[in-house]
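Structure first, then comments.
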Amino acid sequence: GLEFSHCFGANSLGPAVPWRSGGPCKMKRVRTVFKPEQLERLEQEFLKQQYMVGTERVDLAATLHLTETQVKVWFQNRRIKWRKQSMEQKAAKLSQFGVIQPATADSTDIKDHEEDTVDVEL
């Protein structure tokens, strides 16, 4: 879950650091560490379908002993990784033919989404 990290008070070295709109204490997310077997199964499912919703997600989470939120966030992060890899492969092919592709809105969108990835442990 979320843990209290450091609370900075008047006598401390730094100012109060709110986490999002959380208040005077900074909250720290605990990163989920997946087991190799869980990752293998998640990757297999991602190859079949890039979006997992509803009962399929609930069933997969139960099978892997994860929460539905952990599975949902894993799929979100994996889609971002897949899009980034696809864009890099496309850029590499274009550069082989001497075609220089200017920076597009798509490439900046991917960068923005990377900052939005979240690891949630419930």
Inter-site label distance for Lys72 and Arg31 at 7 Å from Cα along Cβ, in nm: 2.3
Computed Kirkwood radius, in angstrom, where 1/r is averaged over Cα pairs of region 32-101: 13.5
Accessible-area ranking of Leu42, Leu94, Leu66, Leu47, largest first, probe 1.4 Å: Leu47, Leu94, Leu66, Leu42
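The values are calculated or read from the model by the stated rules, or taken from the named source; none is laboratory data. The structure presented is a predicted model; accordingly, all values stated were derived computationally and were not measured. All Cβ positions, even for glycine, are placed from backbone atoms using ideal geometry, and neighbour counts span all protein chains on display. Note: accessible area is taken over every heavy atom of the protein model, side chains too, but ligands, DNA and RNA are not part of it. Shrake-Rupley method; radii C 1.70, N 1.55, O 1.52, S 1.80 Å.
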